[in-house]
Amino acid sequence: MNCARHPARQAVGQCSQCGAYVCDECMQATKPLQEEEGTLCVDCYQRKLRSAAEYFRVKRKKRRKKVIISVIMYLIGIIVLAIGFTSEGTKLVTCVILGIILCGIYTAIAGWRTGREAYEDYELKHGASYTVTDSGVYRNTGFFGKLLMFLLGAVLGVIVTPISVITNIVGMSSDKKTAAEFEQEANSVSKI
């Protein structure tokens, strides 16, 4: 059998993805992925690299979106807090709570999810619980536990959000560099 890319050369292996035969040069060029993927032809190797590059480009876009939303919500939360501290009574309490939630919206949502998962685990272990009243029977949903976790997440988010924004900005830079490295490797192999 001869190499699919170099018809004049003897094949030494077969691509684990498409079945094409590969020569020693092609096998050496695709060696970085052999441990995870097995023997690859140059075309399949390039597809894997470009797929990895695309993964990091998408990841970078998601990070950018999260940074933008976090910064906007944090700034709005700070403005609401500032308005609240110049107010009195109910308006003060409402603005402070709303401002804290806006500042830590991502951790607040994560707190809600954690509370929901904890309640689902509780139901799996102990079964569903119900409340009987004069107006009917109601299944308990763990709402107050989820609300408590949401508010705790929001309070922690006031501190965590700026750290998360910085971490995501650094991650965006790393993702861009990694995507470029994968793309560069894919382009360099095409010369074989």
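Collect residues whose amide H, placed 1.01 Å from N in the peptide plane, falls under 5 Å from the amide H of Q14; neighbours closer than 5 in sequence don't count.
Counting only residues 5 or more places away or on other chains, the set is V22.
Residue farthest toward the positive end of the dipole of the chain, with Cβ of Lys/Arg at +1 and Asp/Glu at -1: which of I83, V22, N2?
Result: I83, furthest along the dipole toward the positive end.
Highest GNM mean-square fluctuation, the chain, Cα pairs closer than 10 Å: which of V67, V137, V12?
Residue with maximal mean-square fluctuation among V67, V137, V12: V137.
Return the aspartates and glutamates within reach of K61: Cα separation strictly under 19 angstrom, same-chain partners fewer than 8 residues apart disregarded; answer none if there are no such residues.
D175, E181, E183
Express in whole angstrom the spacing between the alpha-carbon centres of the range 80-138 and the range 154-187.
The distance from the Cα centre of the range 80-138 to that of the range 154-187 comes to 29 Å.
Which links in K66/K177; K62/K176; K66/K91; K66/K146 stretch past 21 Å when you go from one Cα to the other?
K66/K91; K66/K146
For P(r) over Cα pairs in 5 Å bins from 0, in percent, pick the label among (1) 1, 8, 16, 21, 22, 17, 10, 4, 1, 0; (2) 1, 7, 13, 15, 15, 13, 11, 8, 6, 5, 3, 2, 1, 0; (3) 1, 7, 10, 10, 9, 8, 8, 8, 8, 7, 6, 6, 4, 3, 2, 1, 0, 0 that corresponds to the value derived from the coordinates.
Here P(r) over Cα pairs in 5 Å bins from 0, in percent agrees with entry (3).
Charges only on Cβ, +1 for Lys and Arg, -1 for Asp and Glu: so what's the dipole of the chain about the Cα centre, in debye to the nearest 20?
My answer is approximately 580 debye.
Taking only DSSP H segments of four or more residues, each worth -39500 (n - 2.57), what value at 222 nm results for the chain once the sum is divided by all its residues, to the nearest 500 deg cm²/dmol?
It comes out at -25000 deg cm²/dmol, rounded to the nearest 500.
Calculate the spin-label point distance for V71 paired with K177, positioning each point 7 Å from the Cα along the beta-carbon direction, and give it in nanometres.
Computed distance between label sites K177 and V71 equals 2.1 nm.
If I build a Gaussian network model for the chain, linking alpha-carbon pairs within less than 10 angstrom, which residue out of Y74, Y122, Y55 has the largest mean-square fluctuation?
In the Gaussian network model the winner is Y122.
Work out from phi, with θ = phi - 60° and the Karplus expression 6.51 cos²θ - 1.76 cosθ + 1.60, the ³J(HN,Hα) of each residue of the range 138-155, listed in order in whole Hz, and give x for Gly and Pro.
Going residue by residue, I get 10, 7, 6, 10, x, 4, 5, x, 5, 5, 4, 5, 4, 5, 4, x, 5, 4 Hz, with x marking Gly and Pro.
Compute the length gained on full extension between I83 and K61: take 0.36 nm times their separation in residues and subtract their Cα-Cα distance, giving the result in nm to one decimal.
4.6 nm
Largest first, what is the accessible-area ranking of D121, D134 with a 1.4 Å probe?
The most accessible residue leads, giving D134, D121.
Taking a probe of 1.4 Å, how large is the accessible area per residue of the range 63-192, in Å²?
So the range 63-192 comes to 66 Å² accessible per residue, rounded to a whole number.
Roughly how much of E36 is accessible, in Å² to the nearest 10, using a 1.4 Å probe?
We get 130 Å² for E36.
Report ³J(HN,Hα) in whole Hz for each residue of the range 118-134, in order, from the Karplus equation J = 6.51 cos²θ - 1.76 cosθ + 1.60 where θ = phi - 60°; Gly and Pro get x.
Residue by residue, the range 118-134 yields 5, 5, 5, 5, 4, 5, 5, 7, 10, x, 6, 10, 10, 10, 9, 10, 5 Hz.
Which of the aspartates and glutamates could a cross-linker span from K125 if the Cα-Cα distance has to be under 13 Å and same-chain partners fewer than 8 positions apart are dropped?
List returned: E117.
In a GNM of the chain with a 10 Å cut-off on Cα contacts, which of R60, R139, R113 has the highest mean-square fluctuation?
Between R60, R139, R113, it is R139 that shows the largest mean-square fluctuation.
The values are calculated or read from the model by the stated rules, or taken from the named source; none is laboratory data. Predicted model only: the values in this text are computed from it and were never measured. A quick note on method: Cβ atoms are made from the backbone with ideal geometry, for glycine too, and the neighbour counts reach across all protein chains shown. Quick note on the areas: whole protein, heavy atoms, side chains included, nothing else; ligands and nucleic acids left out. Shrake-Rupley method; radii C 1.70, N 1.55, O 1.52, S 1.80 Å.
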